[in-house]
1. Would you pick out the residues in the stretch 235-254 that are loosely packed, with under 15 Cβ neighbours inside 10 Å and small (Gly, Ala, Ser)?
2. Among the residues of the stretch 105-141, which ones are in a helix (DSSP H, G or I) and of a type in the set (Asp, Glu)?
3. Check Ala96, Ala162, Ala144 and return the single one that is assigned to a helix (DSSP H, G or I), in contact (Cβ under 8 Å) with a residue 60 or more places away in the chain, buried (at least 20 other Cβ atoms within 10 Å of the Cβ) and aliphatic (A, V, I, L, M).
4. Can you name every residue in the stretch 20-61 that is touching a helix residue (DSSP H, G or I) at 6+ places or on another chain (Cβ under 9 Å), under 22 Å from Val220 (Cα atoms) and β-branched (Val, Ile, Thr)?
5. Out of the residues in the stretch 53-82 meeting the condition of being in contact (Cβ under 8 Å) with a residue 24 or more places away in the chain and assigned to a helix (DSSP H, G or I), tell me which one is farthest from Thr113 (Cα to Cα).
Amino acid sequence: MSSSIFKAGNVALISGGASGIGRAIADLCLAKGMNVAIIDSNIEATKAFVSSSKEKYPSATIDGYQEDVSNPPAWSLLKKDFIKRFHKIDLLVLNAAIHTKSECNWKDPTSFTKTMDVNYSGYLYGISTFFDQIRASTAESPKAIVLTGSKQGITNPPGNPAYNASKAAVKSIAESLHFDLRENANTHVHLLVPGWTYTGMTGSSVGKGKPDGAWAAEQVAEYLVEKMEKGEFYVICPDNEVDEETDRKRMAWGAGDVIERRPPLSRWRDDWKEKAAAEIHGA
C-alpha cells in the first residue's frame with residue numbers, strides 16, 4: 001500500500017503546490033515529517049510557502065520552484081537541482097492546473113491550447129522527467145505518483161470544453177500509467193478527483209467565504225491519504241452537497257450515453273434531463 005509513502009524522511013514534489021489542494025497536500029506531508037518541494041507559477045506564493053513552512057518545520061528540507069510546468073526545459077533544469085538537493089523522490093503529485101474559460105468559441109483554439117499545455121502536457125512532462133526515479137521502487141522504499149483530475153473530465157458538463165478535455169486526458173494517462181506499472185507492486189499510481197473544493201480557482205482568491213457545500217482543501221488532502229492507504233486508484237472525493245452514491249450515478253449516466261446510444265451530454269438536454277434527474281436522484 002501507499003501508506004508508507006507518508007513517513008518521516010521521505011521526499012515529495014508537488015506541482016501547483018503554493019495554494020489550494022497542492023498546498024494542503026504539501027502541508028500534510030510536512031506534518032508527517034517529510035521533506036517537500038513545490039512547483040508553482042506564482043513566485044510570491046511560492047516564496048511565502050517556503051518561508052512559512054521553514055518557520056513551522058525548521059528541521060525539514062523545503063524548497064520551491066517558480067516554473068511554468070508546460071515548458072519541457074524547465075523540468076529538466078528543475079530535476080537537476082531537485083536531485084542534487086533532495087537526493088531522491090518518493091511522492092510526485094502533479095496538480096498544477098488553470099481554468100481558463102473557453103466560452104465555447106470553437107473558432108479560437110487559443111484557450112484550448114493554453115489549458116491543455118498546463119493541465120495535460122505539464123503532467124506528461126512531470127511523469128517523463130521523474131519516471132525512472134519513481135519506477136525504481138522497492139518493498140523498503142515504495143513510491144507513488146498522484147495526478148489531479150476532475151469530475152468534469154469524467155461527466156463532461158457543458159460550459160468549459162477546454163478544461164473538461166484536459167482533465168479527461170489526465171484520467172486517460174493516469175489509467176494507462178497505472179496499467180503499465182502494474183507489475184511493480186511498490187510503485188503506486190492514483191487519480192485524485194476532487195469534489196467541490198474551496199480554493200483560489202473556485203473563489204477564495206477574491207475574498208469569498210467558503211460555501212457550506214464545498215470541502216476545504218485540507219479535507220481533500222486527508223481523503224487522498226485515506227484512499228492511498230487502502231490502495232485505491234480512483235480517489236473520487238465527495239463534498240458537503242454531493243455524496244459518493246450521487247457521483248456514481250452521474251458517472252454511470254454519462255457512460256450510458258454511449259451504451260444506450262443517447263445523444264451526448266443527455267443529462268443536460270431538455271428532452272432528457274428529467275429522466276436523468278429521476279435516475280440519478282430517484283425523483
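1. Ala252, the sole residue that qualifies.
2. Across the stretch 105-141, the qualifying residues are Asp117, Asp132.
3. Ala162
4. Listed by number, the residues that qualify are Ile21, Ile25, Val36, Ile38, Ile39.
5. Per the stated criteria, the residue is Lys56.
Residue-by-condition table, conditions (1) modelled with pLDDT under 95; (2) touching a Gly at 6+ places or on another chain (Cβ under 9 Å); (3) surrounded by 18 or more Cβ atoms within 10 Å (Cβ to Cβ):
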site	(1), (2), (3)
Thr187	no, no, yes
Gly209	yes, yes, no
Glu218	no, no, no
Glu222	no, no, no
Glu226	no, no, no
Glu232	no, no, no
Gly256	no, no, no
Arg269	no, no, no
His281	yes, no, no
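Here's the yes/no breakdown for (1) modelled with pLDDT of 95 or more; (2) hydrophobic (A, V, I, L, M, F, W, C):
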site: Thr61; (1), (2): yes, no
site: Ser70; (1), (2): yes, no
site: Lys79; (1), (2): yes, no
site: Phe82; (1), (2): yes, yes
site: Ser102; (1), (2): no, no
site: Val118; (1), (2): yes, yes
site: Ser121; (1), (2): yes, no
site: Gly126; (1), (2): yes, no
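Residues are listed down the side, and each one gets a yes or a no for (1) buried (at least 16 other Cβ atoms within 10 Å of the Cβ); (2) closer than 22 Å to Leu124 by Cα:
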residue	(1), (2)
Val11	yes, yes
Ala37	yes, yes
Val50	yes, no
Pro58	no, no
Leu78	yes, yes
Phe82	yes, yes
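The values are calculated or read from the model by the stated rules, or taken from the named source; none is laboratory data. No experiment lies behind these values; they were computed from the predicted model shown. No Cβ is skipped: glycine too gets one built from the backbone with ideal geometry, and neighbour counts run over all protein chains shown.
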